[in-house]
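**Q** Handing you this structure, nothing more for now.
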Amino acid sequence: MKAIRCVNYGAPSSLVLEETDDPAPKPGQVVIETLAAGLGYVDALLVAGLYQVKTPLPFVPGSEVAGKVIALGEGVADALMGKRVMALSPSGALAEKTALPAAACIPVPDVMSAEAAAGFIVSYCTALYGFETCGHLAAGETVLVLGAAGGVGMAAIDVAKAMGATVIAAASSETKRNAAKAAGADFTIDYTKNEWRAELEPLTGRRDVDLVYDPVGGDISETAFRCLAPGGRHLVIGFAAGAIPRIPLNLPLLKRSSIVGVDWGGYIRANPADNVPLLKTLTAMASEGRIHPEPSASYPLTEAPAVLQRLLDRESVGKPVITFSR
Ligand SMILES: NC(=O)c1ccc[n+]([C@@H]2O[C@H](COP(=O)([O-])OP(=O)(O)OC[C@H]3O[C@@H](n4cnc5c(N)ncnc54)[C@H](OP(=O)(O)O)[C@@H]3O)[C@@H](O)[C@H]2O)c1
């Protein structure tokens, strides 16, 4: 089978496409024939060896996968054979086949394509966990989503709208703002402009927002925090801009607002059982048409390094997915 391997941490161009042996399932595992793999900024950081958790070398990148079960390990129920499933895995998605714990495999709802399923788990679970468990988002509140046209940002728009929020999407280019609008944002804002805060009131009739969803970091975070209304919540999702902001502690006091860390990955590592109800809620929302997980674009496996480079270069729009042709 074909697989992309990371043999040294570095730029996506250092990844190698190789022929390797098919995996065999260990007890409790299934082997899936990969239909699609979702990619995000985290995957590019993992390849660079710059993420908070380092994957031991060599490894096959890609942590979000959808595929068809083609082999069962000892102890796995026969009913899983042939099923379309999606899974989150530390690595291994950029391969034509991959072995996974059966317990990690979730059935793909009929309404969802394999591409949509492969791009679904990380960004949508982070959004629902972030808004519901960490941010206590209530219907009628206003949310400012930063980096709104990224994979994580687009899912946040979709989930916040489904929860009854008004969504302001902040992005750096017209193309990205149009993509955020198409994903359901009520308003868009160019947060690369000086004084972009002044544009909130003409847009929404309010000078402030109830929640900030922040996967960007850098200088923009403090300005966004200053947009919060009393009782506001700034959800810290990630630092795609590179720099980790240092917000003065008098600001939460003066704004009577909170900074809340949203580490969905860490949360489910500590409470693995809690992700099942979260995913059930999300797949039900997708089946009912309340959320609309769709990848922005699909690429062949050979394009995966270029897709990862575009994420690092701030050129990616939406959630990119790799599809496997046979
Ligand atoms: N907390 C969690 O559980 C969790 C889960 C998944 C991902 N994350 C984090 O979420 C962040 C976003 O991931 P993603 O997959 O959505 O990435 P993405 O698709 O690349 O989106 C990130 C967005 O950040 C903005 N950005 C600003 N400065 C940037 C820079 N120097 N380089 C790249 N992007 C920049 C870009 O929007 P503009 O050009 O419009 O500014 C871009 O669209 C990452 O930091 C990731 O680690 C956290």
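**Q** Which order do peptides 101-111, 266-276, 178-188 fall in by mean Cβ count within 10 Å, highest first?
**A** Numbers: 101-111: 16.3, 266-276: 12.7, 178-188: 20.5.
Averaged packing, sorted descending, gives the order 178-188, 101-111, 266-276.
**Q** Note down the magnitude of the dipole of segment 1-136 about its Cα centre, charges +1 on Lys and Arg C-beta and -1 on Asp and Glu C-beta and zero elsewhere, to the nearest 20 debye. Working shown, then result.
**A** On the way: 8 positive and 13 negative charges, 37 e Å.
Dipole size: approximately 180 debye.
**Q** Could you give the length gained by full extension between GLU222 and ALA138, i.e. 0.36 nm per residue of separation minus their alpha carbon distance, to one decimal place?
**A** Values: separation 84, 0.36 × 84 = 30.24 nm, distance 2.35 nm.
Answer, rounded to one decimal: 27.9 nm.
**Q** Highest GNM mean-square fluctuation, the chain, Cα pairs closer than 10 Å: which of GLY135, GLY92, GLY231?
**A** Comparing GLY135, GLY92, GLY231 in a Gaussian network model of the chain, the most mobile one is GLY231.
**Q** Under 24 Å between alpha carbons, and skipping anything fewer than 8 positions from LYS97 in its own chain: which lysines qualify?
**A** LYS2, LYS26, LYS54, LYS68, LYS83, LYS319
**Q** Right, another one. Order the peptides 65-71, 318-324 from the highest to the lowest mean number of other Cβ atoms within 10 Å of their residues. Don't skip to the answer; put the middle values down first.
**A** On the way: 65-71: 22.6, 318-324: 24.1.
Per-residue Cβ counts within 10 Å, averaged per peptide and sorted highest first, yield 318-324, 65-71.
**Q** At a threshold of 8 angstrom on Cα-Cα distance, excluding pairs fewer than six apart, so keeping six or more, what relative contact order does segment 124-265 reach in percent? List each step's numbers first, then the result.
**A** Values: 293 pairs, mean separation 31.7, N = 142.
Dividing the mean separation by the residue count of segment 124-265 yields 22 percent.
**Q** Can you pull a Stokes-Einstein diffusion coefficient for segment 192-309 at 10 °C (1.306 mPa s), Rh from Kirkwood over Cα pairs, as a whole number of µm²/s? All intermediate terms of the calculation are to be shown ahead of the outcome.
**A** Values: Rh = 17.4 Å.
Reported coefficient: 92 µm²/s.
**Q** With Cβ to Cβ distances under 15 Å as the rule, what net charge do the other residues near GLY92 carry (K, R +1; D, E -1)?
**A** Working: positive: LYS2, ARG5, LYS26, LYS97; negative: GLU18, ASP21, ASP22, GLU33, ASP43, GLU64, GLU96.
Its environment carries a net charge of -3.
**Q** A follow-up question, please. I need the P(r) histogram for segment 1-125: all alpha carbon pairs, bin width 5 Å from 0 out to the longest distance, whole percents.
**A** Each 5 Å bin holds this share of Cα pairs: 2, 12, 22, 22, 19, 14, 6, 2, 0.
**Q** Give me the percent of accessible area attributable to carbon and sulfur for the chain, probe 1.4 angstrom.
**A** Numbers: 7690 of 14350 Å².
On the chain, the fraction of accessible area on carbon and sulfur atoms equals 54 percent.
**Q** So how compact is segment 124-265: Cα radius of gyration and Dmax in angstrom?
**A** Looking at segment 124-265, its Cα Rg and Dmax stand at 13.3, 37 Å.
**Q** Follow-up. If you place +1 on the Cβ of every Lys and Arg, -1 on the Cβ of every Asp and Glu, and leave all else neutral, what size is the dipole of segment 124-265 about its Cα centre, to the nearest 20 Debye?
**A** Details: 13 positive and 15 negative charges, 33 e Å.
About 160 debye.
**Q** Right, here's the next one. Hey, if you drop one equal point scatterer on each alpha-carbon of the chain and run the Debye formula without solvent, what base-10 log of I(q)/I(0) do you get at q = 0.06, 0.13, 0.15 Å⁻¹?
**A** Here log10 of I(q) over I(0) equals -0.20, -0.93, -1.20.
**Q** Would you give the gap between the C-alpha center of segment 27-49 and the C-alpha center of segment 107-153, rounded to a whole Å?
**A** A separation of 19 Å, based on Cα centres.
**Q** Using Cα pairs closer than 8 Å and at least 6 residues apart in sequence, work out the relative contact order for the chain, in percent. Spell out each step's value before the answer.
**A** Details: 738 pairs, mean separation 60.4, N = 326.
Relative contact order comes out at 19 percent.
**Q** Please sort 46-55, 81-90, 161-170 by packing, taking for each peptide the average over its residues of neighbouring beta carbons within 10 angstrom, highest first. List each step's numbers first, then the result.
**A** On the way: 46-55: 15.7, 81-90: 18.0, 161-170: 23.3.
Highest to lowest by the protection proxy: 161-170, 81-90, 46-55.
The values are calculated or read from the model by the stated rules, or taken from the named source; none is laboratory data. Fair warning: this is a prediction, and the values are worked out from it, not measured in the lab. We place every Cβ from the backbone using ideal geometry, glycine too, and count neighbours over all the protein chains shown. Only protein heavy atoms, including side chains, enter the accessible area calculation; ligands, DNA and RNA are left aside. Shrake-Rupley method; radii C 1.70, N 1.55, O 1.52, S 1.80 Å.
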